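S.K.: Sharing a structure with you now.
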Amino acid sequence: MMKYKKIQQALMVLLILLVVGLGLQSFLGPFNINILAYPVNVLSVLVILLISVVACKFFPNHRVTRFLSSGAAALSALLFIGVLSIVLGLIFQTTDAQLTDIPARLGIRAMTTYYPFVVSYLYLLVTLSFATFKRLKWELSALNIGFFLNHAGLLMVLFALGLGSVDQLHLRMRLKEGEVAHEALSQVGRKYALPFQMQLVDFRMETYLPKLAIIDTKTGKFLPEGAPEFYDIDSVSKSFQLLQYFFQQITYIDQAIPNGVGAYVAKPDNKFPPAVLLRLNDEVSGWVTCGNQQVPYQMLMLPNNRAVVMMNPEAKSYASMVRVEGDSFEFQRLIEVNKPLHWHAWSIYQSSFDDKQGKASNISIFQVIYDPWQRLTQLGLAMLILGALSLFWRNHQKN
Amino acid sequence: MNWSLYPYFLFPALALWLTGGVLALTQSKMKRMAPFLFLLGTGVLALFILGLWVSLERPPMRTMGETRLWYAVYISIAGFFVYKRWKYSWMLIYSALMATVFSLLIFVMPEVQNKNLMPALQSVWFVPHVSVYIISYALLAVAMLMGVLGLRKIHQGKELSNDYLQRTDKMTYVGVGFLMLGLIMGALWAKEVWASYWSWDPKETWAFITCVFYLLYIHIRKSYPLLVKTALSLLIVAFLCLLITWKGVNYLPSAKESMHSYSQG
């Protein structure tokens with residue numbers, strides 16, 4: 001029965017923490033994460049670690065130590081953050097100040113700044129820290145290594161992603177080919193000087209072959225309405241069906257310009273859009289192009305207020321060759337979607353381009369991230385991967 | 001190598017996978033051949049991928065068809081690993097069927113061979129992230145069924161054997177191991193493509209909730225082994241959360257602007 005007493009205690013603690021969280025929320029409003037900015041977050045981490053180490057080392061049998069490192073505390077911490085996460089998972093989250101419905105007034109439309117959630121996060125950190133250090137004094141066995149990897153790994157990740165997130169900078173940089181930048185802009189337009197300068201050497205983009213669709217020329221809507229059909233143009237000429245129509249694709253040109261007498265001719269230059277010559281029957285045939293800033297778009301009219309249109313080609317890949325320079329270094333690197341450039345605590349991501357120009361864009365837009373806690377997150381995640389693998393190992397041992 | 005040669009690799013692979021999967025369920029002497037035949041099937045498909053890679057001069061990870069090839073290979077390898085390590089005889093036929101679905105779809109719907117994949121999805125993390133989830137779903141579905149059966153037995157006044165509970169634990173641990181790997185790979189991928197490991201996107205939130213419930217199960221089993229009914233009930237709740245993460249999340253009001261919807265018009 002002693003053990004279940006601890007569960008009762010844990011539920012009591014949970015209730016108190018919830019009341020504290022709700023109290024803070026109603027008196028102070030949403031949690032302002034900026035108060036955790038360096039060095040407050042580092043100090044907080046050190047204080048949590050120090051308290052748990054001292055408690056586990058010198059007062060291992062104290063009521064508080066025994067409770068915070070117990071299974072019951074772990075269960076209550078998981079339950080607390082789990083239930084609040086369900087609310088977070090059910091209610092649409094927004095920071096839109098215009099919304100004044102009940103969830104918005106309660107503060108649960110911005111759960112990550114909701115005090116009870118912040119308290120639950122902190123409680124999870126504390127119980128994790130106590131559990132980790134309490135266990136550390138035991139001898140190292142396979143079981144203990146797995147325990148340590150999972151708990152200490154999660155602790156690091158929660159420290160870095162929670163308390164560390166306030167030190168992150170999320171900036172944007174827009175560069176024209178040849179241009180050099182020394183600074184980047186925050187979301188509110190504030191300029192930040194960078195510890196390096198970056199030049200856009202070249203922006204390159206590949207697109208897929210465009211799609212064709214049929215629209216209702218009166219409404220401009222794609223057909224069938226609600227579930228439009230698309231046809232992916234093939235580079236080889238062939239017949240195809242779109243809705244109930246059977247077309248023949250006669251010619252496809254990747255970069256085309258009008259020749260002035262109703263036809264299109266090839267003009268190999270990224271500036272020009274693709275065009276396709278289609279034939280439905282003896283009466284209906286003609287060119288279709290999605291057009292761009294250089295060439296007007298062209299559709300093929302069909303009977304009954306319908307027309308074939310070409311969609312803008314979708315991006316297959318886009319990348320920027322950049323030159324990065326600092327006081328004592330200089331290098332050139334290609335930045336692609338999914339392949340950012342990492343340099344110390346900085347990461348530069350290929351974000352976007354001038355979508356009006358498409359392939360012809362000579363502008364590249366980057367996301368520039370500064371995250372001094374990055375290494376800790378990576379270490380924590382690596383430990384968690386090993387910890388997950390230890391679950392496999394451990395179950396093999398049991399057999 | 002090109003797609004016109006695909007059937008010559010696909011059908012031998014399917015035959016090997018399914019024969020291996022069925023043999024694993026039998027008690028015949030041929031059962032020993034099961035993992036060998038199964039892995040050979042994976043090898044045949046891997047050979048096609050390799051050929052495609054060489055002839056395309058890039059990793060074949062750019063179209064939906066290419067991605068599905070990888071699914072089939074990863075799922076069969078992970079299934080093979082689970083079968084060998086924990087001797088779950090159903091695992092081989094399950095992964096054989098999943099791999100068959102993915103690889104056969106490319107054949108039945110040849111248009112996906114060249115179906116555009118948006119740049120964000122062109123990542124080395126994409127396929128392993130999804131594949132380990134598919135394996136974990138199967139293990140955790142079985143764990144959930146064991147939970148339901150266990151609760152029924154208790155309800156009927158029968159006693160649950162320790163062995164039954166240990167087998168349920170093992171199934172859950174292995175499933176959670178894969179679930180965690182899927183989650184972490186997802187976070188690593190998110191960092192590479194969206195610049196942040198975690199954004200509390202609805203799908204991420206539900207993946208987190210799912211993990212929390214499985215962790216509750218693990219902690220209850222560890223600290224309070226006598227609370228059997230609570231633990232087994234948690235397996236059901238956790239699996240429901242997993243279903244919400246997988247499919248249900250799209251229907252929730254919270255998912256209005258989810259980053260995890262990739263439908264393209």
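S.K.: Out of (1) loosely packed, with under 14 Cβ neighbours inside 10 Å; (2) out of contact with any Asp or Glu (no Cβ under 8 Å at 6 or more places or on another chain); (3) more than 14 Å from chain B (Cβ to nearest Cβ), the odd one out for A:Gly21 is which?
M.R.: So A:Gly21 meets the others, but not (1).
S.K.: Hey, another quick one. Determine whether B:Glu111 is part of a loop (DSSP other than H, G, I, E, B) and acidic (Asp, Glu).
M.R.: no
S.K.: Would you be able to tell me the number of residues in the range A:32-43 that are out of contact with any helix residue (DSSP H, G or I) (no Cβ under 6 Å at 6 or more places or on another chain) and surrounded by 15 or more Cβ atoms within 10 Å (Cβ to Cβ)?
M.R.: 1
S.K.: Just to be sure before I move on: is A:Phe92 within 13 Å of chain B (Cβ to nearest Cβ), among the aromatic types (Phe, Trp, Tyr) and assigned to a loop (DSSP other than H, G, I, E, B) in the structure I sent?
M.R.: yes
S.K.: Determine, yes or no, whether B:Ile209 is within 20 Å of A:Leu154 (Cβ to Cβ) and touching a Cys at 6+ places or on another chain (Cβ under 6 Å).
M.R.: Working: within 20 Å of A:Leu154 (Cβ to Cβ): yes; touching a Cys at 6+ places or on another chain (Cβ under 6 Å): yes.
Against the criterion (within 20 Å of A:Leu154 (Cβ to Cβ) and touching a Cys at 6+ places or on another chain (Cβ under 6 Å)), B:Ile209 qualifies.
S.K.: Given the condition more than 16 Å from A:Gln197 (Cα to Cα), in contact (Cβ under 8 Å) with a residue 12 or more places away in the chain, touching a helix residue (DSSP H, G or I) at 6+ places or on another chain (Cβ under 8 Å) and buried (at least 19 other Cβ atoms within 10 Å of the Cβ), answer yes or no: does some residue in the range A:298-314 qualify?
M.R.: yes
S.K.: Related question: Name the single residue that is surrounded by the most Cβ atoms within 10 Å (Cβ to Cβ) among those in the range A:317-348 being within 14 Å of another protein chain (Cβ to nearest Cβ) and assigned to a loop (DSSP other than H, G, I, E, B).
M.R.: Top of the filtered list is A:Pro340.
S.K.: Here's a follow-up. Check whether at least one residue in the range A:96-105 is crowded, with 16+ Cβ neighbours inside 10 Å, in a helix (DSSP H, G or I) and touching a helix residue (DSSP H, G or I) at 6+ places or on another chain (Cβ under 8 Å), and report yes or no.
M.R.: no
S.K.: Picking from A:Val309, A:Val368, which residue would you name as being farther than 27 Å from B:Trp198 by Cβ, within 14 Å of chain B (Cβ to nearest Cβ) and at pLDDT 95 or above?
M.R.: A:Val309
S.K.: Among the listed residues A:Leu17, A:Leu75, identify the single one that is modelled with pLDDT of 95 or more and within 24 Å of A:Val166 (Cα to Cα).
M.R.: After applying the criteria, what remains is A:Leu17.
S.K.: Continuing with this model, one more query. Are any residues in the range A:63-77 crowded, with 22+ Cβ neighbours inside 10 Å and either more than 13 Å from chain B (Cβ to nearest Cβ) or in a helix (DSSP H, G or I) (or both), and if so, which ones?
M.R.: A:Leu68, A:Ala72, A:Ala73, A:Ala74, A:Leu75, A:Ser76, A:Ala77 - these are the residues of the range A:63-77 that are crowded, with 22+ Cβ neighbours inside 10 Å and either more than 13 Å from chain B (Cβ to nearest Cβ) or in a helix (DSSP H, G or I) (or both).
S.K.: If only one of B:Trp86, B:Trp17 is at pLDDT 95 or above and under 17 Å from the mean Cα position of the chain (by Cα), which one is it?
M.R.: Of B:Trp86, B:Trp17, the one residue that is at pLDDT 95 or above and under 17 Å from the mean Cα position of the chain (by Cα) is B:Trp17.
S.K.: How many residues does the range B:56-69 contain that are over 18 Å from B:Ser4 (Cα atoms) and crowded, with 22+ Cβ neighbours inside 10 Å?
M.R.: So the count comes out to 0.
S.K.: State whether the residues of the range A:384-397 include one that is within 9 Å of chain B (Cβ to nearest Cβ), within 30 Å of A:His151 (Cα to Cα) and modelled with pLDDT of 95 or more.
M.R.: yes
S.K.: Look through B:Tyr88, B:Tyr74, B:Tyr137 and report the one residue that is surrounded by fewer than 23 Cβ atoms within 10 Å (Cβ to Cβ) and in contact with a Ser or Thr (Cβ under 6 Å, 6 or more places away or on another chain).
M.R.: The match here is B:Tyr74.
S.K.: While we're on this one: The conditions are (1) within 30 Å of A:Asp254 (Cα to Cα); (2) in contact with a helix residue (DSSP H, G or I) (Cβ under 7 Å, 6 or more places away or on another chain); (3) not in a strand (DSSP E or B), and A:Leu161 fails exactly one of them. Which is it?
M.R.: Single failed check for A:Leu161: (1).
S.K.: In addition: So is B:Leu104 touching a residue at least 24 places away in the same chain (Cβ under 8 Å), away from chain A (no Cβ under 14 Å) and outside any helix (DSSP H, G or I) or not?
M.R.: Answer is no for this residue.
S.K.: Just the residues that are under 15 Å from the mean Cα position of the chain (by Cα) and not small (Gly, Ala, Ser), please, taken from the range A:335-369.
M.R.: The answer is A:Val337, A:Asn338, A:Lys339, A:Pro340, A:Ile348, A:Tyr349, A:Gln350, A:Phe366, A:Gln367, A:Val368, A:Ile369.
S.K.: Pairs needed: first member in the range A:103-126, on the phi > 0 side of the Ramachandran plot; second member anywhere, surrounded by 20 or more Cβ atoms within 10 Å (Cβ to Cβ); C-beta distance under 8 Å; at least 6 residues apart or different chains.
M.R.: A:Gly107/A:Gln25; A:Gly107/A:Tyr114; A:Gly107/A:Tyr115
S.K.: Does B:Ile154 meet the test of being of a type in the set (Val, Ile, Thr), within 12 Å of chain A (Cβ to nearest Cβ) and over 19 Å from the mean Cα position of the chain (by Cα)?
M.R.: When the stated conditions are applied, B:Ile154 does not pass them.
S.K.: Right, here's the next one. Return yes or no: is A:Ser351 assigned to a strand (DSSP E or B), touching a helix residue (DSSP H, G or I) at 6+ places or on another chain (Cβ under 9 Å), within 9 Å of chain B (Cβ to nearest Cβ) and closer than 22 Å to B:Gly186 by Cβ? Spell out the reasoning first.
M.R.: Working: assigned to a strand (DSSP E or B): yes; touching a helix residue (DSSP H, G or I) at 6+ places or on another chain (Cβ under 9 Å): no; within 9 Å of chain B (Cβ to nearest Cβ): yes; closer than 22 Å to B:Gly186 by Cβ: yes.
Taking the combined requirement at face value, the residue does not satisfy it.
S.K.: To continue, here is another question. Out of A:Ser235, A:Ser239, I need the residue that is over 33 Å from the mean Cα position of the chain (by Cα) and either within 13 Å of chain B (Cβ to nearest Cβ) or basic (Lys, Arg) (or both). Which one?
M.R.: On the way: A:Ser239 fails: either within 13 Å of chain B (Cβ to nearest Cβ) or basic (Lys, Arg) (or both).
A:Ser235 is the lone residue from the list that is over 33 Å from the mean Cα position of the chain (by Cα) and either within 13 Å of chain B (Cβ to nearest Cβ) or basic (Lys, Arg) (or both).
The values are calculated or read from the model by the stated rules, or taken from the named source; none is laboratory data. Given the structure is predicted, the values throughout are model-derived calculations rather than measurements. Counting neighbours? That spans all protein chains shown, and the Cβs are built from the backbone with ideal geometry, glycine included.
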